[in-house]
Every structure is written in structure tokens, then in C-alpha cells.
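Chemist: So that we are looking at the same thing, I have put the structure below in C-alpha cells.
Just so it is clear, none of the values below were taken in a lab; they were calculated from the coordinates. No experiment lies behind these values; they were computed from the predicted model shown. A quick note on method: Cβ atoms are made from the backbone with ideal geometry, for glycine too, and the neighbour counts reach across all protein chains shown.
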Amino acid sequence: MKKTHHYHNKTIWTGNTGLSTKNYRSYERTYTISVEGKADLSGSSDPAFLGNPQLHNPEDLLLASVSSCHLLWYLHLCSVHHILVEEYTDCAEGFMEEHENGSGRFTDIVLKPKIKVAQKDMVEKAVELHHSAGEYCFIANSLNFKVRHEPEITF
């Protein structure tokens, strides 16, 4: 039986400088994302699109969503398979194409986790579990391209 999960947030544009959207440079790209009971998240567009470089942009958040979803599934699968993960750091990369008309899309995401496991005999299974985590990751399964994994595992 399928379960359905429902999520809500509120996104509020905070970049009205008083000139509304009179022209492309008359407004800021800042916004606040609110989820009830959680800390607000301030965002903007990518600096390439006149955004604030000090704030998260939608592209950052997509990459972070994929990376963190994979992390959580990976840790779950390691716990089920008795792989003791001591450290996990992912230096993920995303690639987006921008088309001549201004539209665009992500074409590739590569997760590059560096993982430390407790024992040498855990390394092989720890590498293998990245494939399974990729199959279960809700966010990766929602994309229209495959997410690649290049894990580096030590003990």
C-alpha cells in the first residue's frame, strides 16, 4: 500500500525595493522560506541572475536536497547492514545548462562522499550501499536525470 506524505511551506518575496518589478534591475531577488515550527531560510537567486551571493539560491537547495537525502538513506542502509560509519562528508557538484532563451535545467549531479567506516572488512559493502541509497532517495527519484556517486571510503 502506498503512503502519501504532504509538505507545505510559505515562500515570501522580500525584495521589493519600492519600485516593484518596474524593470529587471529594480528589485532584489531575496525571499524567505517558512515552514511551521522550523527556522526560516533566507534565499536569493544565483549571483549570475543578480542574486545575493551570501544567501542560498534554488540551485544550492536542490543540490543540498539530493546530497542530504542520499546521506540519510545511506546511513539507514549502513545501520541495517551493520556497517559502522564514523564520518561522512559529501562535496557534491551540480551542473546546470542555461539555454539561449534564459530557461535551463540541471543535467548532472555528482555526489562525492568521503566516508570513514570502523573496519577494513566493511569497505566493500559500504561502497555497494551507495547504489541502494540512490535507488531509495526520494529526491533523486524525482529528478529527470540520474545522480552519480563517486564515494571514497576509508577505515
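Chemist: Which of the residues belonging to segment 1-25 are in a loop (DSSP other than H, G, I, E, B) and within 25 Å of HIS99 (Cβ to Cβ)? Outline the logic, then answer.
Modeler: Of the residues in segment 1-25, the ones in a loop (DSSP other than H, G, I, E, B) are 1-9, 14-25.
GLY15, THR21, ASN23, TYR24, ARG25, listed by residue number.
Chemist: Still on this structure: Could you grab me the full set of residues in segment 34-49 that are exposed (fewer than 14 other Cβ atoms within 10 Å of the Cβ), of a type in the set (A, V, I, L, M, F, W, C) and outside any helix (DSSP H, G or I)?
Modeler: Passing the criteria: VAL35, ALA39.
Yes or no, residue by residue, for (1) part of a helix (DSSP H, G or I); (2) out of contact with any Pro (no Cβ under 9 Å at 6 or more places or on another chain); (3) among the aliphatic types (A, V, I, L, M):
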| site | (1), (2), (3) |
| --- | --- |
| PRO53 | no, no, no |
| LEU63 | yes, yes, yes |
| HIS70 | yes, no, no |
| HIS76 | yes, yes, no |
| GLY94 | no, yes, no |
| PHE106 | no, yes, no |
| LYS116 | no, yes, no |
| VAL123 | yes, yes, yes |
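Chemist: Go through segment 6-23 and count every residue that is of a type in the set (Ser, Thr, Tyr) and within 24 Å of the chain's Cα centre (by Cα).
Modeler: Filtering segment 6-23 down to residues of a type in the set (Ser, Thr, Tyr) leaves 7, 11, 14, 17, 20-21.
Subset that is within 24 Å of the chain's Cα centre (by Cα): 7, 11, 14.
Selection size over segment 6-23: 3.
Chemist: Also: What about ILE115, is it surrounded by 13 or more Cβ atoms within 10 Å (Cβ to Cβ), in contact with a strand residue (DSSP E or B) (Cβ under 6 Å, 6 or more places away or on another chain) and either of a type in the set (A, V, I, L, M) or more than 27 Å from LEU143 (Cα to Cα) (or both)? Working first, answer last.
Modeler: Values: surrounded by 13 or more Cβ atoms within 10 Å (Cβ to Cβ): yes; in contact with a strand residue (DSSP E or B) (Cβ under 6 Å, 6 or more places away or on another chain): yes; either of a type in the set (A, V, I, L, M) or more than 27 Å from LEU143 (Cα to Cα) (or both): yes.
Against the criterion (surrounded by 13 or more Cβ atoms within 10 Å (Cβ to Cβ), in contact with a strand residue (DSSP E or B) (Cβ under 6 Å, 6 or more places away or on another chain) and either of a type in the set (A, V, I, L, M) or more than 27 Å from LEU143 (Cα to Cα) (or both)), ILE115 qualifies.
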